[in-house]
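For reference, the structure is listed below as structure tokens.
Laboratory data are not the source of any read-out in this text; all were calculated from the coordinates shown. As the structure is a prediction and not an experimental result, all values here were calculated from the model. Cβ: placed from backbone, ideal geometry, glycine included. Neighbour counts: every protein chain shown.
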Amino acid sequence: QVQLVESGGGLVQAGGSLRLSCVVSERTFSSYAMGWFRQAPGKEREFVLGISRGGSTSYADSVKDRFTISRDIAKSTVNLQMDSLKPEDTAVYYCAAARTRQPPRSPEAYDYWGQGTQVTVSS
């Protein structure tokens, strides 16, 4: 069973930055496409960013130019750097792993999920 553990959430003022990390308990980490999702109260879980097996990235329009995804294969870690945060970025953030080459935008396509970490942006 693959386990994903997120860290780095918290409370930040609008315009600030946070960095989330997700450690994957899988030696073949690079065989998964990885995605970051978020879910705000009363809303569906939505795709934020993803990184393919080959390292290419994809972004939701709402976070383009503000959020960055990266990975450290040696540490089996995928990171989410969030800059210029807005109150509407407030949500629980999840990382997920998919046995696909490219990161799907649909949460149903992912095989493993982390427990989530809360990000709150105050105005």
(request) Run down the lysines and flag those whose C-alpha is under 16 Å from the C-alpha of K86, throwing out any fewer than 8 positions away in its chain. (result) K64
(request) Report the net charge of residues surrounding E108, where surrounding means a beta-carbon distance below 12 angstrom and charges are Lys +1, Arg +1, Asp -1, Glu -1. (result) 0
(request) Loop only per DSSP, at most 14 neighbouring Cβ atoms within 10 Å: give me the GluC sites (Glu not before Pro) in segment 23-63, ordered by residue number. (result) E44
(message) Over the chain, what is the relative contact order in percent, taking alpha-carbon pairs closer than 8 angstrom and at least six residues apart?
(response) 36 percent
(request) Extending each Cα 7 Å along its Cβ direction at A74 and K86, get the distance between those two points in nm, one decimal. (result) 3.7 nm
(request) Express in % the proportion of alpha carbon pairs of the chain at distances exceeding 21 Å. (result) 30 percent
(message) For a Förster distance of 41 Å, can you work out the FRET efficiency between the beta-carbons of T57 and S122, rounded to the nearest 0.05?
(response) 0.90
(request) Lys and Arg at +1, Asp and Glu at -1: add these up for the other residues within a Cβ distance under 10 Å of S76 and post the number. (result) +1
